[in-house]
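Okay, so here's the structure we're looking at.
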Amino acid sequence: MSQPTPRLLVFSSLFPSAAQPNAGVFIRERMFRVGEHVPIVVVAPQPWFPGHALIRWFRPNFRPMAATQEVMDGVDVHRPRFFCIPGLLKSVDGLFMACSTFFAVRRIARRHRANIIDAHFGYPDGYAAVLLGRWLKLPVMLTLRGNEARQARSRLALALKRAITGADRLITVSAALLALAIEQGASAARVQVIGNGVDLSKFAPVVRAEARQQIGLPADAKVLISVGALSERKGFHRVIECLPGLLAAHPTLHLVLVGGPGPEDDIASRLQSMARSPGLEDRVHFLGSVPHGRLHVALSAADVFVLATSYEGWANVFLEAMACGLPVVTTDVGGNAQVVNDSSLGRIVPFGNAGLLQQAIDEALRMTWDRASIRAYAEANSWDQRMQPLLDAYRQLLLHGRTARSPARAEIGHAG
């Protein structure tokens, strides 16, 4: 008897849209490739509450609303609203997300004959997906992507645990998140590490002189680049703090920052103020949000990629930088050391040690790197390499179905 074909309902509140084109690009990149092999439909819940318009008077970029339905590359994307009060009642966001989207998810699942809910991030998305899976009698695949490590130490720990133990099968993008899932009560047999990948057709080096000309950098400069949301977590400010010392050793040094406001916070004004410090004038360049398909140009203009982040799951941007031949300097948090796993690829430093961060950047700028080998490492971690393990995981889930679900499933309810 032939096995049933996985038909996925992808469930993630972080997903690209016209309003936020770079939000959750890594989820779209993975799932649209999966969609080349099996049918998928996307449900991307949007947070909403009645005071949205008032907040936008003070914060114009607050929760930009996207189209409620669209077709992206042939895939239906639905964005039902869910009730979410900014800064309050976070422990019930998962419950609100599930209740607010129930009828839409049920209708979409029936129309597309979905037989798996494929959720991304443990809370609130995973928590809501596990509830929806129970109500609709559908198995749930949950991918843990990085913020779960911080949530496990917060007031959301119980809700996260219930999502992890309630999902039928889990994928983690790093070994560190695998350990976290098991620590939270998931059986090792239900968890599998499948890292993110890189699109080699989008990320390839271009001639450095041409790339620098496009973004207005001197041809003979030393160039650092950092890419991510302008949030405290990504650590752009930690890199700027290193610049005075680095400029003493590298007088032609420039720093390029790529990114816009993120869903967590926006420290753009703080970064711009730091960049106006004496000695840093004209050395820090803010490119804003760059379309994913154009990011390779900015990366190709640089000598070294740096990300002084406080936590990550598996940062796709490391592989994107490596695909353009860049060594990576980053912090030893989350799955970073799993990606930058050899000294030939870059340097890993303890988080919070500014001296070691500056030393590692200085060393990276001085070294002669084998950029072809760095590119080859990225090629070995392309999205194509991830597809078969992912497809096998979905088929295994269908084979075992909801019977594989943890007994903790019955405990899921109000997160408290």
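The values are calculated or read from the model by the stated rules, or taken from the named source; none is laboratory data. Fair warning: this is a prediction, and the values are worked out from it, not measured in the lab. Positions of Cβ are backbone-derived with ideal geometry, glycine not excepted, and every protein chain shown enters the neighbour counts.
Can you say whether HIS237 is at pLDDT 95 or above, closer than 26 Å to ARG270 by Cβ and within 26 Å of the chain's Cα centre (by Cα), as far as the supplied structure shows? Yes.
Out of VAL339, VAL329, VAL333, VAL306, I need the residue that is out of contact with any Lys or Arg (no Cβ under 7 Å at 6 or more places or on another chain) and within 27 Å of PRO218 (Cβ to Cβ). Which one? Reasoning before the result, please.
Details: VAL339 fails: within 27 Å of PRO218 (Cβ to Cβ); VAL329 fails: out of contact with any Lys or Arg (no Cβ under 7 Å at 6 or more places or on another chain); VAL333 fails: within 27 Å of PRO218 (Cβ to Cβ).
Just a single option satisfies the conditions, and that option is VAL306.
For the stretch 126-145, indicate whether the set of residues that are buried (at least 16 other Cβ atoms within 10 Å of the Cβ) and modelled with pLDDT under 95 is non-empty. Yes, because at least one residue in the stretch 126-145 is buried (at least 16 other Cβ atoms within 10 Å of the Cβ) and modelled with pLDDT under 95. Total residues in the stretch 93-125 satisfying the condition of being within 15 Å of GLY166 (Cβ to Cβ) and surrounded by fewer than 24 Cβ atoms within 10 Å (Cβ to Cβ): the figure is 1.
Residues checked against (1) closer than 28 Å to LEU246 by Cβ; (2) touching a residue at least 12 places away in the same chain (Cβ under 8 Å); (3) buried (at least 21 other Cβ atoms within 10 Å of the Cβ):
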residue: ALA186; (1), (2), (3): no, yes, yes
residue: ASN196; (1), (2), (3): no, yes, yes
residue: ASP199; (1), (2), (3): no, yes, no
residue: GLN214; (1), (2), (3): yes, yes, no
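Answer with yes or no whether VAL105 is over 16 Å from PRO80 (Cα atoms), among the hydrophobic types (A, V, I, L, M, F, W, C) and assigned to a helix (DSSP H, G or I). Against the criterion (over 16 Å from PRO80 (Cα atoms), among the hydrophobic types (A, V, I, L, M, F, W, C) and assigned to a helix (DSSP H, G or I)), VAL105 does not qualify.
Restricting the stretch 260-284 to residues that are more than 29 Å from MET65 (Cα to Cα) and in contact with a Leu (Cβ under 8 Å, 6 or more places away or on another chain), which is surrounded by the most Cβ atoms within 10 Å (Cβ to Cβ)? Applying the filter and picking the extreme gives VAL284.
Looking at ALA163, ALA219, ALA186, which is the one that is part of a loop (DSSP other than H, G, I, E, B) and in the same structural domain as GLY126 (by TED's automatic domain parsing)? So the residue among ALA163, ALA219, ALA186 that is part of a loop (DSSP other than H, G, I, E, B) and in the same structural domain as GLY126 (by TED's automatic domain parsing) is ALA186. Looking for whichever is assigned by TED's automatic domain parsing to the domain that holds ARG111, at pLDDT 80 or above and surrounded by fewer than 17 Cβ atoms within 10 Å (Cβ to Cβ) here; the options are HIS37, HIS52. Which one fits? Exactly one of HIS37, HIS52 is assigned by TED's automatic domain parsing to the domain that holds ARG111, at pLDDT 80 or above and surrounded by fewer than 17 Cβ atoms within 10 Å (Cβ to Cβ), namely HIS37. Test SER277 against the criterion of being in contact with a Gly (Cβ under 7 Å, 6 or more places away or on another chain) and of a type in the set (S, T, N, Q), and give yes or no. Spelling it out, it is not the case that SER277 is in contact with a Gly (Cβ under 7 Å, 6 or more places away or on another chain) and of a type in the set (S, T, N, Q).
Would you say ARG283 is under 21 Å from the mean Cα position of the chain (by Cα), more than 16 Å from GLN20 (Cβ to Cβ) and assigned by TED's automatic domain parsing to the domain that holds ALA323? In short, no.
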